Each structure stands twice: as C-alpha cells, then as structure tokens.
Amino acid sequence: MITLHIEHPVRDFDAWKSAFDSDPAGRDRSGVRRYVISRPVDQPRYVMIDLEFDDRDHAEAMLQVLQTVWRSPQAKAAVDGEIRTVIFEQVEVSRPR
C-alpha cells in the first residue's frame, strides 16, 4: 500500500473539512482507496491526511493534482501555512492478537 501523507495548519477546521468533502481533486476517480484525517489533540487547527493508493504512480498523480488545487484562492484562504507532503510505502502492519 502506498500512502500520500499531507499535513498543514488550517484557519477554520469546519470550513476546511467542508472544502475537503467537496472533493475538488477527485479522490474517487484518482485511485484513492481510503483516506484518514487526523489532528493533534492539542492543535485542533492542524490537519494530517493520509490518502492510500494501490501504487506509487497514482499517489504521484494525485499530488500533482493537489498542487494545482492548493494554488486556488479557496485553498489559500483555508490553509494557514506550509503544506508538507511525503509519499511512503507501508512495510508492515500489525494485526490484533
């Protein structure tokens, strides 16, 4: 499994979440198998998103699409700082005993 990890501060979580839910990048048609949104317990205006893909090519293509989305006025109004990304491969996942 390949994951595109994204993290950044937001001005207003609820407004950002509404924009995320509108899916301007087309997650469904871009090969996203699953996503997880997380926030640090002491930083409610900081988000971490993991988008999971079957392969690296789809993750890299999605990153390119997102970089275009992030240049939009709407994204610039919602994001409140640097956007950090990394593409990684899951090596091992533990199973409950």
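The values are calculated or read from the model by the stated rules, or taken from the named source; none is laboratory data. Being a predicted model, the structure only gives us computed values, none of them experimental. Using ideal geometry, Cβ is built from the backbone for each residue, glycine included, and neighbour counts are taken over all protein chains shown. Surface areas here come from the heavy atoms of the whole protein model, side chains and all, with no ligands, DNA or RNA. Shrake-Rupley method; radii C 1.70, N 1.55, O 1.52, S 1.80 Å.
Taking Cα atoms only, the orientation of helix 56-69 departs from the longest principal axis of the chain by about 0 degrees.
Between Met48 and Ala61, what length in nm is gained on full extension when 0.36 nm per residue of separation is reduced by their alpha carbon distance?
Length gained between Met48 and Ala61: 2.8 nm.
Modelled label positions at Asp14 and Arg39, each set 7 Å beyond Cα in the direction of Cβ, lie 1.1 nm from each other. Rounded to the nearest 10 degrees, the inclination of helix 13-22 to the longest alpha-carbon principal axis of the chain is 60 degrees. Each helix, a run of at least 4 DSSP H residues, gives -39500 (n - 2.57); summed and divided by the residues of the chain, these come to -9000 deg cm²/dmol at 222 nm.
Taking amide H positions as modeled 1.01 Å from N, with prolines and chain starts lacking one, the residues under 5 Å from Val47 and 5 or more places away or on another chain are His8, Val10. The Cα atoms of segment 55-97 give a gyration tensor whose axes a ≥ b ≥ c have a/c of 1.5 or more with a/b greater than b/c, which makes the shape prolate. The value of relative contact order for the chain, using C-alpha pairs under 8 Å at least six residues apart, is 47 percent. Rolling a 1.4 Å probe over the protein heavy atoms gives segment 28-97 an accessible area of 79 Å² per residue.
Hey, rough spin-label estimate for Thr68 and Val93, points 7 angstrom out along Cα→Cβ, what's it come to in nanometres? Each label point is offset 7 Å from its Cα along the Cβ direction, giving 3.0 nm. Here the chain exposes an accessible surface that is 47 percent carbon and sulfur, computed with a 1.4 Å probe and the other protein chains kept in place.
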